[in-house]
1. Can you name the residue in region 46-55 that is surrounded by 16 or more Cβ atoms within 10 Å (Cβ to Cβ) and part of a helix (DSSP H, G or I) and is also nearest to the chain's Cα centre (by Cα) among such residues?
2. Look through region 10-21, keep the residues that are surrounded by 12 or more Cβ atoms within 10 Å (Cβ to Cβ) and at pLDDT below 95, and return whichever of them is farthest from the chain's Cα centre (by Cα).
3. Counting only residues that are assigned to a helix (DSSP H, G or I) and crowded, with 18+ Cβ neighbours inside 10 Å, how many does region 35-45 have?
4. Looking at (1) in a helix (DSSP H, G or I); (2) closer than 30 Å to GLU170 by Cα, which is the one condition that is false for GLU111?
5. Out of curiosity, is ASP58 free of Cβ contacts under 8 Å to residues at least 60 places away in the same chain, closer than 22 Å to ILE198 by Cα, within 14 Å of the chain's Cα centre (by Cα) and assigned to a helix (DSSP H, G or I)?
6. Could you list, in sequence order, all residues of region 84-120 that are among the charged types (D, E, K, R) and either closer than 21 Å to VAL135 by Cβ or modelled with pLDDT of 95 or more (or both)?
7. Identify the residue in region 178-201 that is within 12 Å of LEU105 (Cα to Cα) and without any contact (Cβ under 8 Å) to a residue 60 or more places away in the chain and, among all such residues, is surrounded by the most Cβ atoms within 10 Å (Cβ to Cβ).
8. Could you go through region 84-100 and let me know if any residue there is basic (Lys, Arg) and over 19 Å from the mean Cα position of the chain (by Cα).
Amino acid sequence: MDRRHTDREYESELDSLREQVLLMGARVEEMMTLALRAFSEQNTRLARRTIAHDRLVDAAEMQIDELCLRVLALRQPVASDLRFITTTLKLVTDLERIADLCVNLCERVGEFGDEAAFAVDGMITQVGGLAQSMVHDALDAFVVGDALKAEQVMDRDETVDRLHAEIIPELVSLMTKEPAAVQRSIRLISIAKYLERIADHATNIAEMVVFMVRGQDVRHMS
């Protein structure tokens with residue numbers, strides 16, 4: 001077999017893999033945008049429409065996994081190519097879970113009804129914006145192979161954790177003072193947790209980008 005032909009096929013498979021990851025990432029980012037908008041507007045109809053997008057993300061994850069396993073089996077990649085493929089396998093799992101958390105968020109929004117917003121909603125929106133920017137920048141770092149940008153994403157996770165830690169006592173205090181606020185407060189606590197977990201998944205992606213670029217495992221390091 002012509003070696004050049006084999007190499008062209010291999011490069012085509014890697015390019016296809018990159019394109020599929022970009023498409024899946026774009027879909028997840030769109031879900032985040034719509035979910036946060038549904039929350040800020042208390043738009044239950046938009047929340048339901050956003051939930052329907054999850055099936056496309058699930059299908060993308062399965063297609064990417066299949067292509068990664070085929071490349072591993074048939075091409076036996078090494079060095080940077082191997083790190084790219086193994087990073088991709090882990091990355092799509094985090095993207096799929098981010099999409100699931102967007103679904104969870106939208107389900108809570110669908111339970112709001114005509115309830116009045118609380119002042120703490122603004123803090124939750126701030127956490128959502130930070131988590132969304134972390135997802136975007138982590139994916140961008142993956143695309144361009146920028147380990148420094150990935151490290152900056154990891155650093156921002158502390159800000160999300162701090163804001164999340166401030167939100168919970170606020171809502172607990174509100175529930176103590178106003179029993180009528182209990183149901184909405186419980187939903188808001190869940191939403192805040194979903195957003196904090198999205199930031200964690202963005203951090204996971206960023207850590208994998210550092211590994212892909214430098215070959216350095218930075219997980220579980222302070």
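The values are calculated or read from the model by the stated rules, or taken from the named source; none is laboratory data. Please read all numbers here as calculations on a predicted model, not as lab measurements. Note that we place each Cβ from the backbone using ideal geometry, even for glycine, and neighbour counts take in every protein chain shown.
1. Among those that are surrounded by 16 or more Cβ atoms within 10 Å (Cβ to Cβ) and part of a helix (DSSP H, G or I), it is ASP54.
2. Filtering region 10-21 for residues surrounded by 12 or more Cβ atoms within 10 Å (Cβ to Cβ) gives 10, 13-14, 16-18, 20-21.
Checking which are at pLDDT below 95 leaves us with 10, 13-14, 16-18.
Working: TYR10: 29, GLU13: 25, LEU14: 22, SER16: 21, LEU17: 19, ARG18: 17 Å.
Only one residue tops the list, namely TYR10.
3. Taking region 35-45 as the starting set, the residues that turn out to be assigned to a helix (DSSP H, G or I) are 35-41, 44-45.
The next check asks that each one be crowded, with 18+ Cβ neighbours inside 10 Å; those that pass are 35-36, 38-39.
Final tally of qualifying residues: 4.
4. (1)
5. Here the answer is yes, as ASP58 does meet what is asked.
6. LYS90, ASP94, GLU96, ARG97, ASP100, GLU107, ARG108
7. Here the residue is ILE189.
8. No: zero hits.
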